[in-house]
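Read-outs: derived from the displayed coordinates by stated rules, not from any lab. All figures in this text were calculated on a predicted structure; none of them were measured in a lab. No Cβ is skipped: glycine too gets one built from the backbone with ideal geometry, and neighbour counts run over all protein chains shown.
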Amino acid sequence: MKSIEYSFLDRTTTIAAMEQFCNDAKERNATTITVPSMFIKKVKERLHGSPVKISTVIGYPFGWSPIEAKVAEAILAMVDGADELEIVVNIIALKNNDWQYLAKELNTLLAIIRKQQKQVCFVIEAKLLTAEELTRCCDLYGVAGIDCIALSTGLEKELPSIEMIKAGRRQLAERVAIKITGENISETTAQAYLAAGASRIGVFVK
C-alpha cells in the first residue's frame, strides 16, 4: 500500500514508547497517527517538519462520555494541535435506539470541530450492530458533512466483514471515507477492505 495510518492507544504506554512510535511512523511514511489526547503536544513537537497528521480519539473506547465531556475533550485536543478528531459514538444510546441523543451529539460536536476547520471522523463498532443499526448510522452520519466514518475502534478481535464495508459504501456519499482500524491487518486483508469500499486502513499498534 502507498499509505497507511497507525493508532497507538495502549493504556500503559510511556513517553519513550510514544516517541519511538512517532519515529516509526515517519520512517513508514504514515499519513496519519492516532494517539491519546494527553500526548498531542509531545507528538506535535516530535513530528515537527513532518507531513504526518495527528489524530486523537474522543470518548474512547465506548463513547459513554456525556456530550458536554466530549465537547471539552474535543476543544482541548484542538487547542493542543490535533488535525483530526475521531469521535466514538455512544454505543449505549445506539443500542437503545436513542437516535435523538445521537443526532444531538453529532450536531453539537460537528459544529465545534468545523469552526476550527479540523477533520472529523465518527467511530462505530460495526461488529456489535445489526444490519438495520448499521444502515441507520450511515444515514445519520453520512449526510451530516463528516469526513469519515470508522467501522471499528481496533479493540474487537473480529473486524467488520467485507459485506459490512460494502453495505456502508453503498449507503454513504462518496465524499465520506470509510476507515477500518485493527490489529495485525495484513496487506492482503487491507487490499480486500480497500476493494470493498474502505479508503483508510488504521493499524492498531501495541
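This model, with +1 at the C-beta of Lys and Arg and -1 at the C-beta of Asp and Glu, gives the chain a dipole about its Cα centre of some 360 debye.
With helices as the sole contributors, the chain gives -13000 deg cm²/dmol at 222 nm; each DSSP H run of n ≥ 4 counts as -39500 (n - 2.57), and the sum is divided by every residue.
Computed on the chain, with alpha-carbon pairs under 8 angstrom and 6+ residues apart, the relative contact order is 19 percent. Descending by average beta-carbon neighbour count within 10 Å, the peptides 29-36, 166-173, 93-100 line up as 29-36, 166-173, 93-100, the highest first. Among 27, 125, 86, the residue with the largest mean-square fluctuation in a Gaussian network model of the chain, with springs joining Cα atoms closer than 10 Å, is 27. GNM on the chain, alpha-carbon springs under 10 angstrom: the most fluctuating residue among 28, 175, 11 is 11. For segment 200-205, putting each phi into the Karplus relation 6.51 cos²θ - 1.76 cosθ + 1.60 with θ = phi - 60° gives couplings of 9, 10, x, 8, 7, 9 Hz, in residue order, rounded to whole numbers and with x for Gly and Pro.
Rounded to the nearest whole Hz, the Karplus-based 3J(HN,Hα) values (6.51 cos²θ - 1.76 cosθ + 1.60, θ = phi - 60°) of segment 117-131 follow the sequence 6, 9, 6, 9, 10, 9, 10, 10, 9, 4, 5, 8, 9, 7, 4, with x at glycine and proline.
Note on residue 115: lysines with a C-alpha under 27 Å away, same-chain residues under 8 apart excluded, are 41, 42, 44, 53, 70, 104, 179.
Computed over segment 1-149, the convex hull of the alpha-carbon atoms projects to a mean area of 9.2 nm².
Using the Karplus relation 6.51 cos²θ - 1.76 cosθ + 1.60 with θ = phi - 60°, the per-residue 3J(HN,Hα) values for segment 50-67 come to 9, x, 5, 8, 10, 10, 9, 9, 10, x, 6, x, 10, x, 6, 4, x, 4 Hz, with x marking Gly and Pro.
When 152, 161 are ordered from fewest to most other Cβ atoms inside 10 Å of their Cβ, what list results?
Working: 152 22, 161 13.
Fewest-to-most Cβ neighbours within 10 Å comes out as 161, 152.
Around the amide H of residue 7, modelled in the peptide plane, lie the amide H atoms of 34, 203, 204, 205, all under 5 Å away and 5 or more residues distant in sequence or on another chain.
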